[in-house]
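Below is one structure, written out as structure tokens; the observations come after it.
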């Protein structure tokens, strides 16, 4: 009786071990390799993070995640010092209320999230009012004056995720004169750059036209560097 019990235990243990090895091979090796192979073959760009590269081939970011374009802090040790936009670049949407980190210094957040304020919230009203004033001031040049009514909503509000890499064509066009002036470029040339990087609605009716800020600024840098 004892020998039979031991024999059954050994047999069950052996069956379990074989099942473990087989499932490990199928689920832990064969399946991941198959999925990776299909992804690399059919969706190579997306599978590798939708990377954007500059003219030299260096990766400058992902087309799926927004970045800020700010001047270096005057006092790097001052955590309270407000970021100042580098006005020679096209600016993305605001990212108010999303926190900061020291891991990714290119963008002041790790966690995705919205500001979650109601339409009549005093903080939100102040953010939008201050942002609109800054957009009007920053983008007005000697030959081009921005009117408050010309400022689109995405210029003064963050996206639901706070990670939106795109802006509206209207916001991109509003920045053209300032970018041209700061970089000593003809306005028409910068307008052409925006037009070249404007993506229309999917299938002609889904979503909204958009401009990817990282792609646009990467092309701008290549143009500046000649």
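Values in this text are rule-based calculations from the coordinates and carry no lab data. Here the structure is a predicted model, which means the values were calculated and not measured. For neighbour counting, all protein chains shown are included, and Cβ atoms are generated from backbone atoms with ideal geometry for every residue, glycine included.
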(Q) If I model a spin label as a point 7 Å beyond the Cα along the Cα-Cβ vector, how far apart are those points for residue 38 and residue 140 in nm? (A) 5.7 nm
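Tell me what the chain gives for mean residue ellipticity at 222 nm when only DSSP H runs of n ≥ 4 count, each as -39,500 (n - 2.57), the sum divided by the residue total, rounded to 500 deg cm²/dmol.
Details: 7 runs with 95 residues, N = 226.
Helix-only estimate at 222 nm: -13500 deg cm²/dmol.
Would you order 31, 171, 69, 144 from fewest to most other beta-carbon atoms within 10 Å of each residue's own beta-carbon?
Numbers: 31 11, 171 25, 69 17, 144 14.
The order, fewest Cβ neighbours first, is 31, 144, 69, 171.
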Q) Any idea how far apart residue 225 and residue 81 come out in nm if each label point goes 7 Å out from Cα toward Cβ? A) 2.6 nm
(Q) Relative contact order for the chain: what percent, with Cα pairs under 8 Å and sequence separation of 6 or more? (A) 19 percent
Q: Set the Förster radius R0 to 22 Å, insert the Cβ-Cβ distance between residue 73 and residue 182 as r into 1/(1 + (r/R0)^6), and round the FRET efficiency to 0.05.
A: 0.65
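Could you list 125, 65, 167 in order of exposure, starting from the residue whose Cβ has the fewest other Cβ atoms within 10 Å?
Values: 125 12, 65 18, 167 24.
Taking fewest neighbouring Cβ atoms as first place, the list is 125, 65, 167.
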Q.
Between residue 5 and residue 26, how high is the FRET efficiency from 1/(1 + (r/R0)^6) when r is the Cβ-Cβ distance and R₀ = 35 Å? Nearest 0.05.
A. 0.65
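Gain in length, residue 153 to residue 53, computed as 0.36 nm per residue apart minus the alpha-carbon separation, to one decimal in nm? Write out the running numbers ahead of the final one.
Numbers: separation 100, 0.36 × 100 = 36.00 nm, distance 2.95 nm.
The span from residue 153 to residue 53 would gain 33.1 nm if fully extended.
Which order do 124, 220 fall in if you start with the one that has the fewest other Cβ atoms within 10 Å? All intermediate terms of the calculation are to be shown ahead of the outcome.
Working: 124 17, 220 20.
Ranking 124, 220 by Cβ neighbours within 10 Å, fewest first, gives 124, 220.
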